[in-house]
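Working notes, structure below.
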Amino acid sequence: MDIAAEKQRLRAEMRARRDALTHDEVREAAHVGANALFNPRLMNLFSRFRGFATYMSIGSEFPTDRIHHALFSAGASVCVPYYLPEAKEYAWAAFTPNDPLISGHMRIPEPADPRQADPAMIDVALIPGLLFDVCGGRIGYGGGVYDRLLTKLRAGTLRVALAYDFQVQREPLPQAAHDLTMDYIVTEKQWIDCRLARRLRRERNG
């Protein structure tokens, strides 16, 4: 089976598993996940950063509402994706607590009057997905939409995946040359230093 076909199989399996979560399970993950993201060790890491790119969660995605509230309370600058119909791609828009939202492309909420954000000001990107491995491999929703959006960020921007713990596996995921790896993964149960995991894997493999 080629990489594309294997990714499609894995996407279908994980989407079905994630969509089976109850409302209460999603809400609990939102509370616990926000606490996990802002634990003292990660906050020490993030303390020098002020600009955060995040996403507007929908359906069974790892919820971001509480995370956004925590970022705003900390005085961070926040931006989210918005869709450019003419270009048929996404860009980053500044986002504040008072911004009215509309249902955008694929029914994803986005600012009603988007103000394009400067990608150079983004220090940390919080990233959704369907599957991850501990070394930072990611399988998204297909089409490379988020990979292209992430390439708009400056080199060195920290890529932090948000996921339910069952979305993370130890075995490497099938990856194509254009797939971007994560630096950290935060779940409702743990946070994973993917850069350290990659280094340890290289050392084991000689």
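Before moving on, here are some points about what is shown:
Okay, residues lined up against (1) among the aliphatic types (A, V, I, L, M); (2) touching a helix residue (DSSP H, G or I) at 6+ places or on another chain (Cβ under 6 Å); (3) in a loop (DSSP other than H, G, I, E, B):
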{"site": "106", "(1), (2), (3)": "yes, no, no"}
{"site": "110", "(1), (2), (3)": "no, no, no"}
{"site": "114", "(1), (2), (3)": "no, no, yes"}
{"site": "120", "(1), (2), (3)": "yes, no, no"}
{"site": "126", "(1), (2), (3)": "yes, no, no"}
{"site": "129", "(1), (2), (3)": "no, no, yes"}
{"site": "135", "(1), (2), (3)": "no, yes, yes"}
{"site": "143", "(1), (2), (3)": "no, no, yes"}
{"site": "147", "(1), (2), (3)": "no, no, no"}
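- Some residue of the range 130-153 being over 16 Å from residue 11 (Cβ atoms), surrounded by fewer than 17 Cβ atoms within 10 Å (Cβ to Cβ), small (Gly, Ala, Ser) and out of contact with any Asp or Glu (no Cβ under 6 Å at 6 or more places or on another chain): no
- Qualifying residue in the range 54-62 (condition: in contact with an Asp or Glu (Cβ under 7 Å, 6 or more places away or on another chain), in a strand (DSSP E or B) and on the phi < 0 side of the Ramachandran plot): no
- Scope the range 70-95; condition farther than 20 Å from residue 123 by Cβ and among the aliphatic types (A, V, I, L, M); matching residues: 84, 87
Per-residue answers, yes or no, for (1) crowded, with 20+ Cβ neighbours inside 10 Å; (2) part of a strand (DSSP E or B):
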site: 69; (1), (2): no, no
site: 79; (1), (2): yes, yes
site: 92; (1), (2): yes, yes
site: 102; (1), (2): no, yes
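- Residues considered: 138, 148. Of these, the only one that is over 12 Å from the mean Cα position of the chain (by Cα) and either at pLDDT 95 or above or not hydroxyl-bearing (Ser, Thr, Tyr) (or both) is 148.
- Residue count for the range 82-122, restricted to those that are out of contact with any Cys (no Cβ under 9 Å at 6 or more places or on another chain), of a type in the set (A, V, I, L, M, F, W, C) and within 20 Å of residue 49 (Cβ to Cβ): 1.
The values are calculated or read from the model by the stated rules, or taken from the named source; none is laboratory data. None of these values were measured; they are calculated from a predicted model. In this analysis, Cβ positions are derived from the backbone assuming ideal geometry, glycine residues included, and neighbour counts consider all displayed protein chains.
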